[in-house]
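To start, the structure itself, in structure tokens.
The values are calculated or read from the model by the stated rules, or taken from the named source; none is laboratory data. It should be emphasised that the depicted structure is a prediction, and the values quoted were computed from it without experimental measurement. Here the Cβ is made from the backbone with ideal geometry for all residues, glycine too, and neighbour counts use every protein chain on show. Calculation scope for accessible area: heavy atoms of the full protein, side chains included, ligands and nucleic acids excluded. Shrake-Rupley method; radii C 1.70, N 1.55, O 1.52, S 1.80 Å.
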Amino acid sequence: MSNTPDASTHCHTRRLLLLGTATLAALAACGGGSGPHSTGATDRQIAVAPGVSLHVRDWPSARGDSGDVIVLLAGLGANAYAFDSLAPALARRHRVLAVTRRGYGSSGKPLPVNDANDMTYAPATLVADLLAVLDALHIERIVLAGHSIAGNEVTLFAGSHPRRVRGLVYLDTTFDYLASGGEDEESERLSFEAPEPGPADLASMAASIAYARQINKHWWPALEANWRDALEVLPDGSVRPNTPPAIARAMGKAAHNFSPDYRRVRAPALVITVDPGTVGNLLPWLSPRSDPRIVADGLTFFDVFRPLRLADGERLAAALPGCTHRLIRNGFHSDFFIEYESTVVAAIDAMHWEK
């Protein structure tokens with residue numbers, strides 16, 4: 001029997017967005033890039049806690065102004081390489097840092113403690129990590145931009161450290177994951193979700209990349225760099241996510257069960273919401289060769305998802321009085337900031353940030 005949307009639509013909608021359309025998180029990756037793998041960045045490892053360091057990619061401003069800094073935080077499972085196209089574009093006018101949060105890519109991966117009160121991957125810990133990065137690099141104030149799940153960190157950082165932010169950018173983030181249903185580890189897999197990688201897809205890096213091409217709207221060089229940084233190559237040449245399952249579960253649980261307090265935000269904010277427009281932009285792995293019943297389920301879900309997604313963006317904007325809200329049409333959540341890079345850069349550069 002095929003799966004169709006029902007009262008659990010909000011839960012499934014949240015999951016598709018939170019997981020970067022599901023399967024990308026299965027391989028601990030989401031996001032993309034449109035240009036050649038940037039050679040202008042300096043890669044750093046910054047200690048943020050005992051035994052934990054974060055991978056930071058640092059692009060100098062073409063204008064030579066090291067005080068005008070934008071920090072980019074990737075979506076769930078992604079890493080700093082996801083911004084290898086957007087960051088150089090922004091670096092024409094700003095210094096840009098892309099930070100890989102703990103647990104992913106080339107950053108440290110402390111195992112969570114099996115305790116209900118464990119904070120190893122709580123948003124507060126991720127915010128403390130970011131503050132440590134800024135202090136280590138002697139950066140006082142930033143424009144903080146976050147994609148997808150990183151909206152949690154953007155809001156909490158701005159509320160906790162208002163003197164350290166000049167402005168905020170919400171890149172297709174969700175208003176409140178907890179209000180949308182919170183943690184739901186037992187949620188039923190939907191018929192139209194991207195197929196999970198099988199053993200053949202993980203037999204080599206090349207095979208995994210071939211699989212990734214099939215489930216993404218576009219394939220960008222930075223997406224491939226991000227993908228490679230999320231995988232470990234085993235002695236036999238096969239690959240697996242370099243994020244241990246326990247960490248992925250802890251991060252997902254912490255993200256789901258966090259409710260941002262927008263009342264504490266005082267900095268100017270830019271909210272960018274993506275309207276997929278078509279089912280192909282939401283579920284790009286569906287094709288004319290797909291099972292017609294699965295396609296029908298996907299179309300039905302899309303008809304429910306789209307208005308919910310747009311309403312969520314409006315709700316976020318309403319929670320940030322005076323913000324600028326921009327809508328990007330016909331985009332894919334995981335790579336819209338690449339496909340519509342010039343639009344995103346123009347929106348950011350048009351903002352009047354605090355001095």
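Screening the chain for whole DSSP H helices of 27 Å or more along their axis (Cα) with average Kyte-Doolittle hydropathy at least -1.0 returns 292-318. Across the range 263-355, the mean sequence separation of Cα contacts (distance under 8 Å, 6 or more residues apart), normalised by length, yields a relative contact order of 50 percent. Per residue, the average separation of C-alpha pairs within less than 8 Å and at least 6 apart gives the chain a relative contact order of 23 percent.
Expressed as a whole number of Å, what is the distance separating the alpha-carbon centroids of the range 299-316 and the range 188-217? The range 188-217 and the range 299-316 have Cα centres separated by 26 Å. For His325, the solvent-accessible surface with a 1.4 Å probe is about 60 Å², rounded to the nearest 10. Were the residues from Val233 through Asp261 laid out at 0.36 nm apart, the gain over their Cα-Cα distance would be 6.0 nm. Here the accessible area of the range 286-341 is 54 percent carbon and sulfur, with a 1.4 angstrom probe and all protein chains present. The mean accessible area for residues of the chain, using a 1.4 Å probe and ignoring ligands and nucleic acids, is 41 Å² per residue. Full extension of the chain between Ala311 and Arg163 yields a length gain of 50.2 nm, computed as 0.36 nm times the residue separation minus the alpha carbon distance. Computed in the context of the full set of protein chains, the accessible area of the range 39-152 at 1.4 Å probe radius has 50% of its extent on carbon or sulfur.
For the pair Arg329 and Arg293 in one chain, pulling the backbone fully straight at 0.36 nm per residue adds 10.3 nm over the alpha carbon distance. At an R0 of 25 angstrom, the distance between the Cβ atoms of Ala124 and Gln45 translates into a FRET efficiency of 0.65.
So what is the calculated 222 nm ellipticity per residue for the chain, using -39500 (n - 2.57) for each DSSP H run with n of 4 or more, over all residues, to the nearest 500 deg cm²/dmol? Calculated at 222 nm, the ellipticity per residue is -10000 deg cm²/dmol.
Each peptide in 83-96, 190-203 gets a packing score, the mean of other Cβ atoms within 10 Å over its residues, and the list from highest to lowest is 83-96, 190-203.
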